[in-house]
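The values are calculated or read from the model by the stated rules, or taken from the named source; none is laboratory data. Every value quoted in this text rests on a predicted model; they were computed, and no experiment measured them. Cβ atoms come from the backbone with ideal geometry, glycine included; neighbour counts cover every protein chain shown. The protein model used for the area step is the full one, side chains on, heavy atoms only, and it has no ligands, DNA or RNA in it. Shrake-Rupley method; radii C 1.70, N 1.55, O 1.52, S 1.80 Å.
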Amino acid sequence: MNNIVNFRFTLLLLLMMVCQLIAGNFVKADVTLEQELNQMINNDPNLKGALVGISIRSATTGKILYEHLGDTRLKPASTFKLFTAAAALETLGPDYQFSTEILTDGFINRKKLIGNLYLKGKGDPTLLKSDFDNMAEHIKQKGIKVIRGNLVADDTWYDDVPYSIDLPWSDEQTYYGAQVSALTASPNDDFDSGTVILEIQPAKKVGEKGTVTILPKTDIVMITNQTRTVNKSDSNHLNIVREHGSNHISIEGTISIRAKKIKEWVSVWNPTEYALDLFKQSLKTKGIKLEGETKEGLVPHDVKLLVHHTSIPLSELLIPFMKLSNNGHAETLVKEMGKVKMGEGSWEQGLKVVENQLTTLGVNTDTFVFRDGSGVSHINLVPANEITMLLYTVQKKTWYPAFLYSLPIGGESEKMVGGTLRNRLKTTPLQSKVKAKTGTLTTVSSLAGYIETRNGGTLIFSILLNNLIDESKGKEIEDKLLAILFNQ
């Protein structure tokens with residue numbers, strides 16, 4: 001009898017323990033997300049003294065599942081491009097195309113154009129040397145072999161302010177700080193408009209200068225080459241400087257004789273002059289002689305259209321814009337929205353359009369500080385909760401597939417797929433599970449987008465890390481936070 005009682009008592013104890021474990025697990029499931037995120041925020045030494053804004057929403061209901069300083073205005077860095085992209089899609093539409101026009105105030109007589117030829121830019125940031133060649137070919141097909149007039153570039157589609165208000169002077173020569181112009185050109189199909197690529201290679205002998213090639217070739221850029229080829233055991237130490245207000249580029253330093261081709265993107269001074277020079281070259285290549293001058297000016301009213309070139313649609317432009325976080329594209333889109341909706345291609349009018357469109361998308365813009373479209377300004381301020389609100393509401397838009405497709409995908413190595421996340425989240429199980437926009441400024445790291453969780457659900461997240469001593473550490477923190485979200 002005692003054995004039976006003891007067995008029943010033991011069995012009862014075991015059942016009570018199992019029930020407690022089950023109950024405990026249910027309680028843990030309810031608080032795990034908050035506990036884990038709070039623990040990490042409070043204990044990570046790299047976040048000591050920093051500001052952390054986090055917002056997590058259900059992609060299905062839009063309900064906030066977790067927030068930390070979610071309504072506090074923080075610097076978004078390039079996650080601000082999410083707002084610019086959404087506003088552009090809402091304003092212009094995914095099929096919108098930029099245009100470039102070739103016009104004349106003259107007439108054709110015996111294969112001669114008697115009058116001026118005008119190159120009018122309307123904001124296209126994707127113009128390549130091959131596009132200028134194609135336009136020149138169209139001129140040739142019209143029977144023109146001589147232009148008895150001037151070649152005039154017109155960039156007045158936008159205002160004459162080339163830089164956003166808070167762009168640091170130290171960014172001026174960089175590809176991400178290039179001037180914004182209604183008439184510009186790109187060196188390759190990454191479409192870093194207003195830049196050239198410098199290809200630097202070592203000489204065949206130690207002690208000799210390396211070779212420098214400019215792509216695309218342009219006469220407006222002048223190079224002072226003071227490089228020196230050194231022994232194979234030495235490393236590359238190059239300093240590239242473009243003088244303010246000019247296109248004179250100095251290259252100093254050493255390059256190892258074993259070095260592979262080094263590529264550097266440098267912005268040009270006056271992109272309009274750059275585009276004009278490329279088109280002039282194209283005319284010459286096609287056998288068209290220019291008898292007049294090349295200069296900048298206005299297209300008169302009484303002109304005829306000879307060639308009309310259109311860009312790729314906005315849905316395709318969004319890919320290099322968002323995947324590679326192209327600042328120039330963001331600012332061009334802001335000015336284009338201003339031109340189309342307000343009749344003025346300026347940051348002031350364009351940002352008004354952005355603000356208006358975001359309001360219609362359910363975003364509380366009263367909590368924002370707007371300064372540009374790219375997020376490069378340290379004065380831009382956005383709450384994390386408003387970023388996730390945008391990411392929730394845009395899911396209902398017809399253009400949402402183009403928006404989502406433009407986001408970098410974690411761990412996908414192809415540049416135009418993984419974008420700025422291609423070297424992150426490569427390890428299973430997070431690879432390909434995160435579609436998000438990155439952001440980086442000095443002392444700032446940010447990430448916002450969508451994550452597919454282990455159970456197949458989708459969460460919307462925004463992480464704004466400000467006042468970091470080392471912003472590169474922010475990427476590690478973001479990835480750890482994503483791992484916590486994935487396991488929900």
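When residues in the stretch 49-71 are screened for being within 26 Å of the chain's Cα centre (by Cα) and closer than 18 Å to residue 396 by Cα, 2 of them pass.
When 96, 118 are checked against the criterion of being open to solvent by 10 Å² or more (accessible area, probe 1.4 Å) and more than 23 Å from residue 348 (Cβ to Cβ), 118 stands alone in meeting it.
Tell me whether the stretch 249-266 contains one or more residues that are within 15 Å of residue 186 (Cβ to Cβ) and open to solvent by 30 Å² or more (accessible area, probe 1.4 Å). Outline the logic, then answer.
Within the stretch 249-266, the subset within 15 Å of residue 186 (Cβ to Cβ) is 263, 265-266.
Now drop any that are not open to solvent by 30 Å² or more (accessible area, probe 1.4 Å), which leaves 263, 265.
Yes - at least one qualifying residue is present in the stretch 249-266.
Selection of first residues in the stretch 293-318 that are touching a residue at least 40 places away in the same chain (Cβ under 8 Å) and of second residues that are β-branched (Val, Ile, Thr) and open to solvent by 50 Å² or more (accessible area, probe 1.4 Å), restricted to Cβ pairs under 7 Å at least 6 apart or on distinct chains, gives the following pairs, ordered by first then second residue: 298/156.
Among residues of the stretch 262-274 that are touching a residue at least 12 places away in the same chain (Cβ under 8 Å) and under 15 Å from residue 125 (Cα atoms), those with a beta-carbon under 7 Å from a residue that is crowded, with 19+ Cβ neighbours inside 10 Å and of a type in the set (Phe, Trp, Tyr) at least six positions away or on a different chain give the pairs 267/175; 268/274. Scan the stretch 28-75 for residues that are in a helix (DSSP H, G or I), among the charged types (D, E, K, R) and within 17 Å of residue 483 (Cβ to Cβ) and the total you get is 2.
It is to be established whether one or more residues within the stretch 294-314 are assigned to a helix (DSSP H, G or I) and of a type in the set (Ser, Thr, Tyr). So far as the stretch 294-314 goes, no, none of its residues is assigned to a helix (DSSP H, G or I) and of a type in the set (Ser, Thr, Tyr).
Among the residues of the stretch 268-290, is there at least one that is modelled with pLDDT of 95 or more, over 25 Å from residue 214 (Cα atoms) and open to solvent by less than 50 Å² (accessible area, probe 1.4 Å)? Give the steps one after another, and end with the answer.
Applying the first criterion (modelled with pLDDT of 95 or more) to the stretch 268-290 yields 268-290.
If we keep only those that are over 25 Å from residue 214 (Cα atoms) as well, we get none.
Looking for residues that are modelled with pLDDT of 95 or more, over 25 Å from residue 214 (Cα atoms) and open to solvent by less than 50 Å² (accessible area, probe 1.4 Å), one finds none in the stretch 268-290, hence no.
In the stretch 263-314, the residue that is farthest from residue 220 (Cα to Cα) out of those that are of a type in the set (Asp, Glu) and under 26 Å from the mean Cα position of the chain (by Cα) is 264.
Annotation: of all residues in the stretch 132-172 being surrounded by 14 or more Cβ atoms within 10 Å (Cβ to Cβ) and among the aromatic types (Phe, Trp, Tyr), the one that is nearest to residue 380 (Cα to Cα) is 163. Pairs are defined by a Cβ separation below 6 Å, a sequence spacing of at least 6 or placement on different chains, a first member in the stretch 167-180 that is closer than 15 Å to residue 241 by Cα and in a helix (DSSP H, G or I), and a second member that is hydrophobic (A, V, I, L, M, F, W, C) and open to solvent by 20 Å² or more (accessible area, probe 1.4 Å); the pairs so defined are 175/265; 177/167. Of all residues assigned to the stretch 86-99, none qualifies as being assigned to a strand (DSSP E or B), farther than 20 Å from residue 358 by Cα, touching a residue at least 12 places away in the same chain (Cβ under 8 Å) and touching a helix residue (DSSP H, G or I) at 6+ places or on another chain (Cβ under 8 Å).
Here's the yes/no breakdown for (1) of a type outside the set (Val, Ile, Thr); (2) within 29 Å of residue 373 (Cβ to Cβ); (3) touching a Pro at 6+ places or on another chain (Cβ under 9 Å):
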site: 64; (1), (2), (3): no, yes, no
site: 79; (1), (2), (3): no, yes, no
site: 97; (1), (2), (3): yes, yes, yes
site: 111; (1), (2), (3): yes, no, no
site: 115; (1), (2), (3): yes, no, no
site: 120; (1), (2), (3): yes, yes, no
site: 136; (1), (2), (3): yes, no, no
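Every residue, every condition in (1) over 15 Å from the mean Cα position of the chain (by Cα); (2) of a type outside the set (A, V, I, L, M), yes or no:
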residue: 420; (1), (2): no, yes
residue: 434; (1), (2): yes, no
residue: 465; (1), (2): yes, no
residue: 470; (1), (2): yes, yes
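Evaluated against (1) in contact (Cβ under 8 Å) with a residue 24 or more places away in the chain; (2) outside any helix (DSSP H, G or I); (3) open to solvent by 50 Å² or more (accessible area, probe 1.4 Å), residue 340 falls short on exactly one condition, (2). Selection of the stretch 175-207 for residues being small (Gly, Ala, Ser), surrounded by 24 or more Cβ atoms within 10 Å (Cβ to Cβ) and out of contact with any strand residue (DSSP E or B) (no Cβ under 6 Å at 6 or more places or on another chain) yields 181, 185, 186, 193. In this entry, residue 77 passes the filter for residues that are surrounded by 19 or more Cβ atoms within 10 Å (Cβ to Cβ), within 29 Å of residue 452 (Cβ to Cβ) and in contact with a strand residue (DSSP E or B) (Cβ under 6 Å, 6 or more places away or on another chain).
Condition check: of a type in the set (Val, Ile, Thr) and surrounded by 18 or more Cβ atoms within 10 Å (Cβ to Cβ). Does residue 212 satisfy that?
Working: of a type in the set (Val, Ile, Thr): yes; surrounded by 18 or more Cβ atoms within 10 Å (Cβ to Cβ): yes.
Answer is yes for this residue.
Please specify each residue of the stretch 227-248 satisfying the condition of being among the hydroxyl-bearing types (Ser, Thr, Tyr), surrounded by fewer than 19 Cβ atoms within 10 Å (Cβ to Cβ) and at pLDDT 95 or above.
The answer is 246, and nothing else.
Residues in the stretch 225-252 that are under 22 Å from residue 169 (Cα atoms) and in contact (Cβ under 8 Å) with a residue 12 or more places away in the chain: 14 in all.
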